[in-house]
1. How do the pairs read when you match residues in segment 118-146 that are in contact (Cβ under 8 Å) with a residue 24 or more places away in the chain with residues anywhere that are among the charged types (D, E, K, R) and within 16 Å of the ligand (Cβ to nearest atom), using Cβ under 6 Å and keeping only pairs 6 or more apart or on different chains?
2. Within segment 241-270, take every residue that is among the charged types (D, E, K, R) and closer than 22 Å to residue 165 by Cβ and give me the one that is surrounded by the most Cβ atoms within 10 Å (Cβ to Cβ).
3. Looking at (1) closer than 24 Å to residue 132 by Cα; (2) not in a strand (DSSP E or B), can you tell me which one residue 84 breaks?
4. Considering only segment 130-182, state which residues are within 16 Å of the ligand (Cβ to nearest atom) and of a type in the set (Gly, Ala, Ser).
5. Report whether or not residue 223 is free of Cβ contacts under 8 Å to residues at least 60 places away in the same chain, surrounded by 13 or more Cβ atoms within 10 Å (Cβ to Cβ) and not basic (Lys, Arg).
6. I'm checking my understanding of the structure. Among residues of segment 88-117 that are charged (D, E, K, R) and within 15 Å of the ligand (Cβ to nearest atom), which one is nearest to residue 46 (Cα to Cα)?
7. Would you mention how many residues in segment 256-270 are in a helix (DSSP H, G or I) and either at pLDDT below 95 or among the small types (Gly, Ala, Ser) (or both)?
8. With the requirement that a residue be in contact with a strand residue (DSSP E or B) (Cβ under 9 Å, 6 or more places away or on another chain) and within 12 Å of the ligand (Cβ to nearest atom), what does segment 1-12 give you?
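The values are calculated or read from the model by the stated rules, or taken from the named source; none is laboratory data. Please read these numbers as outputs of a predicted model, since none were measured by experiment. Positions of Cβ are generated from backbone atoms using ideal geometry, with glycine treated the same way; all protein chains shown enter the neighbour counts.
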Amino acid sequence: MDSLYSISKVKGIISEFEFRFKKKFGQNFLIDKNILDKIINATEADEDSVIVEIGPGIGTLAVEMAQKGATVYAIEIDNDLIPILKEHFSPYPNIHLIHSDALEIDFKRLLEPHKDKKLKVAANLPYYITTPLIFKILETDLPWDSLTLMMQLEVAQRIVANPGGKDYGALSVAVNFYGTPKMVTKAPSSAFFPAPKVDSAVLNIKVENKIQVESQDFFFKVVRKAFSQRRKTLLNNLSGLRELNKEQLNNLLKEINIEGNRRGETLSIEEFAHLSDTLYKQ
Ligand code: SAM
């Protein structure tokens, strides 16, 4: 099977199958070989990998990963892409096509039998479900190895942001709780057909347990509250938690060397963990 990424190939397939792009499914197919190679390299697709691909489109990524020997579960929602994918996947017994909404998939059930392999996700994500999908995956109790995800550039920048900057927020802290995100490459809109209105970027998130907290739910509650009104101080955003009034909260913050007049956007993930555990024990 030839590679599927060239613009002439994509156009040929679309006309052969009379395929119509659906905006509601965020369909922008990758046509840039250089970026495709960077995704495949970051995924480290090999015989020891079991890779879930969300939204395979016409099969571009899945086929490349299968050629490297990986087992691929390709989850596609669009009925009209299924005949195209069946044809493109037919030479590869190691690709399993699942016709479903990725948000409805029970990843644990799907991947439990492969727990001894490296469990990965690779996707050029439909933008409308980027954040819920990332959390659905990370919150599934599985020994994930890594996620390699194409997403809107602006979302990628928020995820990799460091404390203190304008991009740093609840999303940065939450993803960093589960792993280490790294920017793999930016992708201009010309890397896709049809070209989206915004630029994109590929992130690789190495999943690893960096932070231990007393209660994960409470940690996320503190993070959400700390960023609930960005211009307000921690003292304002967090008072009321554990029924502490401002004075009690201020004293507690002093004990752990965090000034009450700081804003959430200045706290490192370690400081959030310390803060959440201290409050949780109240
Ligand atoms: N992977 C292909 C590529 O890189 O050329 C296509 C990427 S395109 C940005 C997004 C793909 O996700 C489309 O094939 C679209 O139909 C599919 N999709 C959209 N929503 C989905 C969902 N909820 N579950 C599974 N697939 C979905």
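1. 122/53; 123/53; 145/120; 146/120
2. Checked segment 241-270; the qualifying residue surrounded by the most Cβ atoms within 10 Å (Cβ to Cβ) is 265.
3. (1)
4. Result: 156, single match.
5. yes
6. For segment 88-117, the residue satisfying everything is 106.
7. Total satisfying the criteria: 1.
8. 4, 5, 7, 10
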